[in-house]
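Data first, discussion second: the structure below is written as structure tokens.
None of the figures in this text is laboratory data; all of them are computed from the coordinates on show. Values in this document were obtained by computation on a predicted structure and should not be read as measured data. All Cβ positions, even for glycine, are placed from backbone atoms using ideal geometry, and neighbour counts span all protein chains on display.
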Amino acid sequence: MSETPYFEIRNLHAETEGKAILKGVDLSIAQGKTHALMGPNGSGKSTLANVIMGHPAYDVTEGEILFLGQNLLELDPEERARLGVFLAFQYPVAIPGVSVAKFLKSAHDATHADKKIKPAEFLKELRENIKYLEVDDSFINRYLNEGFSGGEKKRMEILQMLTLKPKFAVMDETDSGLDIDALKVVSKGVNKLTGPDFGLLVITHYERILRYISPDHLHILIDGKIIHSGGPELVKKLEESGYDWVREEFGQEVLAH
């Protein structure tokens with residue numbers, strides 16, 4: 001397995017409504033690796049996730065996002081999805097009138113045009129994934145996220161990941177609002193997908209999910225820049241000391257730029 005980054009962000013600047021949010025983000029993730037991104041509220045974590053997927057509310061003013069040799073910024077969101085990029089939302093929206101099964105089958109066919117699956121085979125695999133995520137089988141007939149609890153919505157995001165099998169996924173604070181049991185189930189689903197052909201960026205405000213999804217690297221984002229990176233040992237450091245030590249040790253260098 002190569003350590004060459006297959007997902008790479010270079011000097012990314014982005015703004016919304018004229019306000020600069022990302023101010024020069026650099027990040028590279030090798031195939032088969034899991035990276036975590038942490039930072040205080042307002043640091044730009046969710047903005048980064050939305051820019052990766054192509055949310056129209058954000059304008060990229062400088063930089064590149066490269067995946068499999070292509071600049072994602074030149075592609076529409078649906079083209080990014082077909083390339084194998086997936087975003088698990090922090091606040092999934094409801095789509096009334098569209099069942100979970102119908103949505104997932106349509107999404108699978110749209111992103112895997114060369115690997116369409118027969119309905120019976122798809123349903124069998126879907127039921128297996130639902131069981132794995134400890135959700136009642138009736139889940140597949142409900143309308144997408146309509147009336148879902150917070151935990152059900154987050155399980156739905158992971159169910160999409162298991163169904164679509166992306167090559168690279170971004171989890172935008174998918175752990176927020178989850179109790180410990182739901183967090184364990186969500187993490188179990190993510191860990192089922194991880195492997196040598198998959199890359200993952202876990203964006204989180206809390207350390208606890210990183211007890212169940214072990215990152216190879218951890219990055220700290222403050223004021224629109226990654227100001228420090230390290231190994232899994234940083235999780236414990238943040239849990240004990242918060243972000244003050246990061247600002248004190250590395251913050252002045254950021255402010256100087």
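Rounded to the nearest 10 degrees, what's the angle between the helix 150-164 long axis and the longest principal axis of the chain, both from Cα atoms, 0 to 90?
Between the helix axis and the principal axis of the chain, the angle is about 80 degrees.
Please list the three semi-axes, largest first and in whole Å, of the ellipsoid equivalent to the chain, using sqrt of 5 times the eigenvalues of its alpha carbon gyration tensor.
Semi-axes, largest first: 31, 21, 17 Å.
Under a straight-distance cross-link criterion of Cα-Cα below 15 Å, which aspartates and glutamates are reachable from residue 154, leaving out those fewer than 8 residues away in the same chain?
The reachable aspartates and glutamates, counting only those whose Cα sits under 15 Å from residue 154, are 134, 136, 146, 172, 173, 175, 179, 181.
Could you calculate the FRET efficiency of residue 102 with residue 248 from 1/(1 + (r/R0)^6), where r is the beta carbon distance between them and R0 is 51 Å, rounded to 0.05?
With R0 = 51 Å, the Cβ-Cβ based efficiency is 0.45.
Answer with one residue from 147, 246, 174: the one whose Cα lies farthest towards the positive end of the charge dipole of the range 130-257, charges on Cβ with Lys, Arg +1 and Asp, Glu -1.
Toward the positive end, the furthest listed residue is 147.
Be a star and scan the range 11-42 for residues whose amide nitrogen sits under 18 Å from the point 7 Å along the Cα-to-Cβ vector of residue 206.
Answer for the range 11-42: 36-42.
Give me the orientation-averaged projected area of the Cα convex hull of the range 21-100, in nm², one decimal.
The Cα convex hull of the range 21-100, projected and averaged over all directions, gives 6.9 nm².
So, by mean Cβ neighbours within 10 angstrom, what's the order for 92-100, 210-218 with the highest one leading?
Listed from highest to lowest mean packing, they are 210-218, 92-100.
Of 232, 190, 117, whose Cα points farthest to the positive end of the dipole of the range 110-251 (charges on the beta-carbon: +1 Lys, Arg; -1 Asp, Glu; origin at the Cα centre)?
Positive-end residue among those listed: 117.
In debye, nearest 20: dipole of the chain around its Cα centre with unit charges on the Cβ of K, R (+) and D, E (-)?
Roughly 940 debye, rounded to the nearest 20.
Starting from the amide H of residue 28, placed 1.01 Å from N in the peptide plane, find each other amide H under 5 Å away whose residue is 5 or more places distant or on another chain.
9
For the range 138-182, list residues with backbone N below 17 Å from a point placed 7 Å from the Cα of residue 117 toward its Cβ?
Answer for this model: 139-141, 156-168.
On full extension of the chain, what length is gained from residue 15 through residue 41, given 0.36 nm per residue of separation minus the C-alpha to C-alpha distance?
Gain on extension, residue 15 to residue 41, equals 7.7 nm.
Can you check what the net charge comes to around residue 26, using other residues whose Cβ is under 13 Å from the Cβ of residue 26 (Lys, Arg +1; Asp, Glu -1)?
0
Of the listed pairs 131/167; 118/192; 124/165; 33/105; 23/167, which have alpha-carbon separations greater than 19 Å here?
Listed pairs above 19 Å: 131/167; 118/192; 33/105; 23/167.
Please check the chain for the longest run free of GluC sites (Glu not before Pro) that are loop-located per DSSP (anything but H, G, I, E, B) and have at most 14 other Cβ atoms within 10 Å.
18-133
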